[in-house]
């Protein structure tokens, strides 16, 4: 995502992750992608909360 944003033409390859590092690496990448798309995620969170309130109140 960073290479595309900086208009770098190339190929990015991941490397194997050791088992003990996998959980923290997965969480870090999830947070990074969520932050990269924070406007869309924020809108979806607001929509989900709104639908939950509407369902709870029976409107």
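The values are calculated or read from the model by the stated rules, or taken from the named source; none is laboratory data. Here the structure is a predicted model, which means the values were calculated and not measured. Quick reminder, even Gly has a Cβ in these numbers, built from the backbone with ideal geometry, and neighbours come from all protein chains shown.
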Exercise. Here are some residues: 50, 17. Which one is surrounded by 10 or more Cβ atoms within 10 Å (Cβ to Cβ), part of a loop (DSSP other than H, G, I, E, B) and either without any contact (Cβ under 8 Å) to a residue 60 or more places away in the chain or out of contact with any strand residue (DSSP E or B) (no Cβ under 9 Å at 6 or more places or on another chain) (or both)?
Worked result: 17
Exercise. Would the range 22-38 turn up any residue that is surrounded by 10 or more Cβ atoms within 10 Å (Cβ to Cβ), outside any helix (DSSP H, G or I) and at pLDDT 90 or above?
Worked result: yes
